[in-house]
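Have a look at the structure below before the remarks.
The values are calculated or read from the model by the stated rules, or taken from the named source; none is laboratory data. Here the structure is a predicted model, which means the values were calculated and not measured. Cβ: placed from backbone, ideal geometry, glycine included. Neighbour counts: every protein chain shown. Surface areas here come from the heavy atoms of the whole protein model, side chains and all, with no ligands, DNA or RNA. Shrake-Rupley method; radii C 1.70, N 1.55, O 1.52, S 1.80 Å.
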Amino acid sequence: MTKALGTFALVTVLSALLMALSLAVARHGYPYGAFGVKRLDGIADAGSFLAIAALYFFSALLMMILPIRAAGVVLTHGADAVFWATIVLFATIVGSLLARWAFGQHEVLWALVNWRFLFVVAIVAAHLTMNGLRRNILLRSLFFVVFAAVTLACLFWSFSG
């Protein structure tokens, strides 16, 4: 947990610095600043977490039914990577929005109220409780169904409305 928070904080600061640099260069009239802002804004979409959540929960589903050794491979080479990608992507979004807020765009922080960021919370919560789920056969069976439902929902449900 400490490593995840440290990674989140560092990536938030780094992305905030890059966004601040891009905004400062753009404010001085150089077109390169707008390119930097556009590139950082290109990844700042809460909808990106739907596909990431589908990947994570599919790997979590596999970890519930595979033998321990195969589940360990899925965890270390799949779920961990998706977990860290989620942390980095969300930290980049937060850092970019904080830099925009520091440059006087105070309304941008409302972008963090998007309900799709709940997928970030779900991925982090599932990842941090995965060991407890693997130890209990009842929880493993229950969460196999839950992870299957979430995976299919993330893939096929439009979530519009």
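Summary of computed values
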item: Helices (runs of 4 or more DSSP H) fully within segment 1-89 counting 3 or more residues that are farther than 21 Å from Asn131 by Cβ, without any contact (Cβ under 8 Å) to a residue 40 or more places away in the chain and open to solvent by 30 Å² or more (accessible area, probe 1.4 Å); result: 2-27, 31-42
item: Residue match in segment 22-31 (condition: of a type outside the set (Phe, Trp, Tyr) and touching a Leu at 6+ places or on another chain (Cβ under 7 Å)); result: yes
item: Answer residue from segment 95-119, given it is closer than 14 Å to Asp41 by Cα and touching a Phe, Trp or Tyr at 6+ places or on another chain (Cβ under 8 Å) and is least open to solvent (accessible area, probe 1.4 Å) among those; result: Val108
item: Test for Phe103: is it in contact (Cβ under 8 Å) with a residue 12 or more places away in the chain and either polar (S, T, N, Q) or under 17 Å from Leu17 (Cα atoms) (or both); result: yes
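A quick yes/no check of all residues on (1) assigned to a helix (DSSP H, G or I); (2) touching a Gly at 6+ places or on another chain (Cβ under 9 Å); (3) farther than 26 Å from Leu18 by Cα:
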residue	(1), (2), (3)
Ser96	yes, no, no
Leu112	yes, no, no
Arg116	yes, yes, no
Ala122	yes, no, yes
Leu139	yes, yes, yes
Phe143	yes, no, yes
Ala148	yes, no, yes
Ser158	no, no, yes
